[in-house]
Each structure stands twice: as C-alpha cells, then as structure tokens.
Amino acid sequence: MNTLEYCHEFELSKINFIERKTRITHPKTILSGPIGSGKTFLIFDYLSNFETKDYLYIDFNDIRNSKEVIKENLEEYVFRNNIKVIVLENFDFSFKIPYCDSVIISTYEKKELKGYKNLFLSPLDFEEYLLHESKHQNITQSFNTFLKHGNLPQSVNLAEYKVYSQLQEMLKLFTKDETSEKILKVLFENIDEKKSLNQLFLTLKQDIKISKDKFYAKCKEYEDKKIIYFIKKYNQDKATKKIYSYNSAFLNAISHKKKFKNELTNIIFQELINKKQEIFYLDYIDFFLPKENIAICSIPFFNSMLMNAQLKKIIKSANEYNIKEIYIITVSNNETIRKENNIVNVLPFYEWALS
C-alpha cells in the first residue's frame with residue numbers, strides 16, 4: 001500500500017468538531033493562517049459533508065507521506081478513484097495540482113491562484129472561546145483563563161502547565177534554529193511596546209552574534225505568517241510601530257515576568273484583527289479605528305477619579321482627530337462618562353468583546 005492509499009483511508013468519525021464563525025464555502029479554497037489557528041479542523045468540518053471514499057486528505061507535514069510518490073501519482077490516483085475532494089495540508093505549491101471538483105489547500109502564508117478563493121483564519125475570538133470551553137466557568141473566570149492561556153483552539157481545556165509547554169513546542173516549530181527562536185522571543189517580549197526593529201536588533205546583538213539582514217528578514221517572515229503584527233501610528237508612517245502577536249499567551253510561555261497591561265491590550269488587538277479592522281494607534285490611545293471613528297484604550301484597573309489626568313490626555317488626543325466615541329477596556333470596571341462632548345464607555349473586556 002503506498003502513501004496515497006493510506007491517505008485515502010483517513011477517517012473523520014472520531015473527531016469532535018465545534019463550529020467556527022469562519023467556514024469553507026467555496027469548492028476551491030486556499031486556507032491560510034498561523035500555526036494553531038484551527039485550519040485543520042475547519043477542513044474536517046468541510047470534509048464531513050462527503051463520504052470517506054470521495055475525498056483524499058494529504059498532510060505534507062506528516063513524515064510518513066512521501067512527497068515524491070504523491071507528486072508522481074496524484075493525478076492518476078484522483079482520476080482512477082473518482083476522487084471528488086483533494087485536501088493538501090501544509091502544501092508548498094511545488095508541483096501542479098491535478099483537476100478535481102474541489103481542492104482545499106492549507107498554508108501559513110497567503111497564496112493567490114486563479115479560480116481559488118482565499119480564506120484567512122485567525123485563532124478563536126472570545127465568543128468562539130466560550131463555545132469551545134468545556135469547564136462552564138462564569139464569565140469572569142473564562143476571561144481570566146482566556147487572558148492567561150490564549151486563543152488557540154487546542155489550548156482551551158488544557159491544564160496551565162500543558163498550555164505553556166505546548167506553546168514552547170510551537171515556538172520551536174516556528175523557528176527551527178536557536179537564532180530564529182531568540183528573534184521571535186524578543187518580539188514576543190515586546191508586545192504592546194513602541195520599539196523600532198533597529199532598537200530590538202541592538203538589544204539582541206548584545207546577547208548573540210547576528211546580522212542585521214537576517215534579523216530584518218526573520219521579522220518580515222513572522223509578519224507575513226501573521227505571527228507578529230506591526231501597527232502604525234495614524235498618518236505618521238515614519239513613526240515607531242507598536243508590536244502585537246496573534247496570541248498573547250506566548251508572553252507567559254517565554255517569561256516569568258508579568259505584563260498584565262500588555263497582555264490585556266494584545267487580546268483587545270486580537271479581537272479587532274478578527275473583525276478585519278484597519279488599526280492604528282495615537283498618543284495616549286492604544287487603537288484608533290478610522291472607518292468607525294472610534295478610539296480604544298486599554299486600562300486594566302480604571303478609576304475615573306484617580307485617573308482624571310490620564311483621561312484628559314486621552315480626550316485631548318481624541319479631539320485632535322475629532323473622535324467622539326472612546327472605549328476604555330478594563331478587567332471589571334463599568335461606567336459611562338460624558339466629558340467635553342465626548343462619550344467615554346468604560347467596559348470590562350468580556351462585555352466589550354461580546355457586544
């Protein structure tokens with residue numbers, strides 16, 4: 001029995017799939033997204049509409065599968081067995097895809113092919129997280145776990161020590177070598193910070209021998225794979241960018257240092273990315289959404305009496321851009337402030353995320 005025959009025997013019956021907001025609806029789809037975002041389970045959901053004999057599921061990350069055998073025999077095997085759906089997981093586009101009624105391809109980076117629909121999958125937003133969670137905690141406990149353990153589907157119901165060891169293993173998958181790992185670690189360590197790549201390079205250069213070209217190339221690779229995001233200051237392209245990750249829990253997986261504000265701000269960013277928002281930052285304002293004319297600030301423990309000076313700075317910055325609606329996202333505070341023709345909505349994260 002060769003590689004393709006083994007792949008054709010793949011069974012879905014024992015897989016418990018929980019529905020996502022994103023679904024595969026086009027017969028020819030290129031599904032991209034970072035490691036752990038749930039691409040495979042989205043494909044399983046699609047395949048559940050077909051009989052086992054009608055689909056051929058091939059994962060190129062499975063070392064048991066011979067790429068050369070697949071390349072040489074795939075077209076003939078699809079035709080001979082009347083395959084209706086081909087799935088090419090972790091495909092590198094290094095050979096021609098044979099004709100089939102439906103072809104689903106997963107990849108870490110977006111790829112354009114004529115006749116194919118591109119679909120990007122982010123990890124879970126908070127609403128999806130609640131659907132996946134089997135512990136049935138109250139909303140504040142669920143929020144605390146979401147903040148600590150992150151937004152990856154496979155992390156939802158794991159014990160804390162398993163979550164962090166899993167994330168550390170994923171870090172090794174991202175990087176392959178020690179130098180690349182240190183580059184990604186320094187990026188994770190600086191989520192929600194305004195740091196230029198040159199600043200980070202100079203910091204890293206104190207610890208390891210590395211060229212500037214390699215550092216910049218790796219940062220671009222992690223950005224292209226949607227592991228790291230660099231957010232611009234509005235209307236100031238040359239200003240230092242802010243750094244975010246697709247999963248804030250990597251910060252706890254690589255360091256014992258607690259950066260609560262940074263983690264909260266990152267999960268706010270994750271929610272905005274899931275909504276496909278165009279995002280910038282401003283002075284004293286973490287996120288500015290120009291299309292909606294909304295400002296969002298992350299202040300974990302906000303008190304309007306004690307933080308009046310900080311509130312004035314936020315409102316002043318908002319007024320410079322004629323922003324009337326401001327959200328302050330907290331851990332648990334909830335109030336509405338009307339000041340200088342501005343409405344300031346103070347909300348706990350879980351209420352804002354589910355609104």
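The values are calculated or read from the model by the stated rules, or taken from the named source; none is laboratory data. In this text the structure is predicted, and so the values were computed from the model without any measurement. Positions of Cβ are backbone-derived with ideal geometry, glycine not excepted, and every protein chain shown enters the neighbour counts. The protein model used for the area step is the full one, side chains on, heavy atoms only, and it has no ligands, DNA or RNA in it. Shrake-Rupley method; radii C 1.70, N 1.55, O 1.52, S 1.80 Å.
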### Query
Considering only DSSP states other than H, G, I, E and B, which chymotrypsin sites (Phe, Trp or Tyr not before Pro) in the stretch 189-223 qualify as loop sites with at most 13 other Cβ atoms within 10 Å?
none
### Query
Rounded to a whole number, what % of the accessible area of the chain do carbon and sulfur atoms account for, probe 1.4 Å?
49 percent
### Message
Given N residues in the stretch 51-129, what is its alpha carbon radius of gyration divided by 2.2 N^0.38 Å?
### Response
1.23
### Message
Before I look further, what does the stretch 256-355 give for accessible area per residue, probe 1.4 Å, in whole square angstrom?
### Response
50 Å²
### Query
Using the alpha-carbon centroid of each, what span in Å lies between the stretch 35-68 and the stretch 194-254?
32 Å
### Summary
With Gln310 itself left out, Lys, Arg at +1 and Asp, Glu at -1 over residues whose Cβ is under 14 Å from its Cβ give +3
### Query
With the chain treated as a Gaussian network of Cα nodes joined by springs under 10 Å, which of Phe250, Phe50, Phe126 yields the largest mean-square fluctuation?
Phe50
### Cα pair distances of the stretch 210-319 binned at 10 Å [whole percent]
12, 38, 35, 12, 2
## Note on the structure
Rounded to whole angstrom, the alpha-carbon centroid of the stretch 85-162 lies from that of the stretch 301-353 at a distance of 33 Å
#### Entry: With DNA, RNA and ligands ignored, accessible area of His8 (1.4 Å probe; Å², nearest 10)
30 Å²
## Note on the structure
Expressed as a percent, the portion of alpha-carbon pairs in the chain spaced more than 32 Å apart is 40 percent
### Message
For the chain, what does the helix formula give at 222 nm: sum of -39500 (n - 2.57) over DSSP H segments with n ≥ 4, over the residue count, nearest 500 deg cm²/dmol?
### Response
-11500 deg cm²/dmol
#### Entry: Fraction in percent of alpha-carbon pairs per bin - 5 Å, the stretch 141-208
3, 14, 21, 18, 18, 13, 9, 3, 0
### Task
Mind checking which of Gly38, Phe50, Thr140 is farthest towards the positive end of the stretch 1-151's charge dipole, using Cβ charges of +1 (Lys, Arg) and -1 (Asp, Glu) about the Cα centre?
Thr140
### Query
So which of Lys110/Lys242; Lys182/Lys205; Lys53/Lys117; Lys39/Lys275; Lys233/Lys261; Lys39/Lys257 end up more than 21 Å apart by C-alpha?
Lys110/Lys242; Lys53/Lys117; Lys39/Lys257
### Task
Just reorder Phe79, Phe269 by solvent-accessible area, largest first, 1.4 Å probe, all chains present.
Phe79, Phe269
### Query
In cubic angstrom, how much convex hull volume per residue do the alpha carbon atoms of the stretch 5-79 span?
123 Å³
### Task
Mind checking the stretch 24-64 for trypsin sites (Lys or Arg not before Pro) that DSSP puts in a loop (not H, G, I, E or B) and that have at most 13 other Cβ atoms within 10 Å?
Arg64
